[in-house]
Structures are given as C-alpha cells and as structure tokens.
Amino acid sequence: MIIPVFLVFAGFVALIFGANWLVDGASALAKKYNVSDLVIGLTIVAFGTSAPELVVNSIASIQGHSDIVLGNIIGSNNFNLFIILGISGLIFPIKVQTSTAWKEIPISLLISILLLLLLNDFVFEGMTSSSRMDGMIMLVLFFLFLYYVFNQIKQEPQEIEHTEQKSAFKIWTLIIVGIGGLVLGGQLVVLNSIKIANILGVSEKIIGLTIVAAGTSLPELVTSVVAATKKNSDIAIGNVIGSNIFNILLILSISSILHPINYNPKFNLDLFILIGGTIFLLTSMWTGERKKLDRWEAAVLLGFYLCYTIYLVLREV
C-alpha cells in the first residue's frame, strides 16, 4: 500500500514538473517567432495546465479504464470550479471582465450541458457511452472555441515583449523532457491509482473523482492561487474556465477518439453538480457586487464541494 501511494505522489510530481517544462519550452519557442504573450497565455499555457489530464486520460482510455477517464475529467472540472475558485475567491474577491461574465462562463455552461446529453445519448441513439462520433463533435467545437479566442485577441492587440531568448537546444530539451515527464507521470498515476482502488476496495470512479482529479488539477490550483494573491483576477478565473473548456472539448474528445468510453450513469450526479456550480458562478456575477465572485460566494463553493467529497468517500468506505 505504501509503495503505490508513494508512486502516485511521484507521478504527480513528474506531471507538474513535466507540464511546467513543456510550457516554458513552448513559450520560448513561440517568442522566437514573435508571438505575443497573450496568445501564449490563452493557448500554450492553457494547454500546459491541462496537459496532465490529457496524458492520464489518454493512457487510461487506451487501457480501457473508462471510470478513471470520466472521473478525471468531471472531477477535475468540479475541483477547478469549487475548490480552486473557492480558495482563490477567499484569498481575494475575484472581479471578472464583461466578456467573461457574458461569454466564457455561459460557453462553459453550455458545453457541460452538451456533455451530459452526449454521454446519455440524448443526441444520438446507441449505447450509453462517449463514442468516437461524440469525440469528433467535441473536437470540432474545440477548434471553434480556438477561433473565438483568436478573434478576441485580434480585437485587443497586445504589444510583444522582447526578452532574452533561450537557445534552440535548451528550448527543445525543455519540450522533450517535459513530454517525457508527462508520459512517465501519467503512467505512474493511472497504474498505481488502480492498485490503491483494488487494495481499499474503492471503485475506480471514486479514485478518478478524488485522487486523480485533484492531482492533475494541481497546476491550475497553483496558477490561480498565485494569481489571486497578486490580485490578478483575470488569470485566476480565466485559468479555471479555460481549463474546464479544454478538459471537455479537447481532452475528453481525444480520449474518446482513441478508444470509445463506456459511461457509468452514476456520473450524472457529478455532472449535475458541475452544471449547478457553473450556474451558481454565473448568477454570482449579478448578485452582490456585479461581475465579482465575493468571499461568501467563494466560501459556498468551497464548503459545498468539501462536504460532497467527504460524502463520496464515506459512502465507499
């Protein structure tokens, strides 16, 4: 039992360092071609913080562990929304831009509702699953979201910051080592999380929703908490909403295309919680101080999900 727990921890460390090295290398590569920091932040960094989920899910999908795949995606999104925003909002109330309140949060809500419909096959007939067709639909929507992001960038041009560039050798070393860390960390987390589940007699669903989801969301947690302490609200909430959209449209779509994912209807409750939490976040933009997540609202998010997680664990033990 001690060895699998240690290897899961080691896997999370490899995932976090791998994601950081990949982001640093990719950012340096982008700067070589004079791409603005805004573009880097909205694309490479957003992808980098979601990279642990992508690696873990791809491995779990290929190996046929559907509950790990879905538990990681749904659990990570709930962790991002309730825990990360809850902690960040308690540190400093989060103000958001008008576009975030009117566009990004509603987009995230609609995508979560679409996921519920696709997984329960309310759109296409067949077995309850995330099929390759569902994956293709989500992937197309992901590219449409990227198109929307780049249109936003065109409307708000940013000056390019000229900084000392890394050598090509250092850039590619960071990228290759970062990818290696992600692959190694993903293997360690998936294989040893399953061992822990078997030892404790806990379902893969619970492991995916708790240990794996929390571990792969650590990059988002660190990013948002640091942003909150620096009173950078746009990064704090943008990181969470962007990551949730990436997780569903990119990561789950790739996982489904690699291997169709059988859907356990027990996840419906967690999806309803995700949808309800996103609706709560949306309404919080228009209650109290407008376009702001107040401390009491952040406390509600954090308190609710902590209670729900305890309930999940106690129900399994």
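The values are calculated or read from the model by the stated rules, or taken from the named source; none is laboratory data. The model shown is predicted, which means the values in this text are computed figures rather than measured ones. When we count neighbours, we look across all protein chains shown, and the Cβ atoms used for this are built from the backbone with ideal geometry, even at glycine. Accessible surface areas use protein heavy atoms only, side chains included; no ligands, DNA or RNA. Shrake-Rupley method; radii C 1.70, N 1.55, O 1.52, S 1.80 Å.
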Checklist entry - Roughly how many percent of the accessible protein surface of the chain is carbon and sulfur, given a 1.4 Å probe and a whole-percent answer? => result 70 percent
Next on the checklist: Under 5 Å between amide hydrogens, which residues at least 5 positions from residue 263 or on another chain qualify, with H placed 1.01 Å from N in the peptide plane?
Outcome noted: 129, 130
Next on the checklist: If you take every residue apart from residue 243 with its C-beta less than 13 Å away from the C-beta of residue 243, what net charge results, scoring Lys and Arg +1 and Asp and Glu -1?
Outcome noted: -3
Checklist entry - How far is the Cα center of the range 64-108 from the Cα center of the range 169-187, in Å? => result 26 Å
Checklist entry - For residue 94, which sequence-distant residues (separation of 5 or more, or a different chain) have an amide H within less than 5 Å of its own amide H, given hydrogens modelled in the peptide plane? => result 293
Next on the checklist: Just want to confirm a number: the relative contact order over the range 143-275, from Cα pairs under 8 angstrom separated by 6+ residues, in percent.
Outcome noted: 10 percent
Next on the checklist: Quick one: 3J(HN,Hα) in Hz for the range 188-200, Karplus 6.51/-1.76/1.60 with θ = phi - 60°, rounded, Gly and Pro as x.
Outcome noted: 4, 5, 5, 4, 7, 5, 5, 4, 4, 4, 5, 5, 7
Checklist entry - Relative contact order for the chain: what is it in percent, counting Cα pairs under 8 Å that are at least 6 residues apart? => result 43 percent
Next on the checklist: Can you compute the helix-only [θ] at 222 nm over the chain? Use -39500 (n - 2.57) per DSSP H run of at least 4 residues, normalise by all residues, nearest 500 deg cm²/dmol.
Outcome noted: -23000 deg cm²/dmol
Item to check | Under Karplus coefficients 6.51, -1.76 and 1.60, residue-wise ³J(HN,Hα) of the range 168-178 in Hz, glycine/proline x | outcome: 4, 4, 5, 4, 6, 5, 4, 5, 5, 5, x
Item to check | Above-threshold pairs, the threshold being 24 Å between Cα atoms, out of 170/231; 31/291; 231/291; 103/291; 205/230 | outcome: 170/231; 31/291; 205/230
Checklist entry - If you place +1 on the Cβ of every Lys and Arg and -1 on the Cβ of every Asp and Glu, how big does the dipole about the Cα centre of the chain come out, in debye to the nearest 20? => result 320 debye
Checklist outcome for this item: Mean accessible area per residue over the range 168-286 (1.4 angstrom probe, all protein chains present, square angstrom) is 38 Å²
Checklist entry - Mind listing the phi-derived Karplus ³J(HN,Hα) values for the range 17-23, rounded to whole Hz, using 6.51, -1.76 and 1.60 with θ = phi - 60°, and x for any glycine or proline? => result 5, x, 5, 5, 5, 5, 5
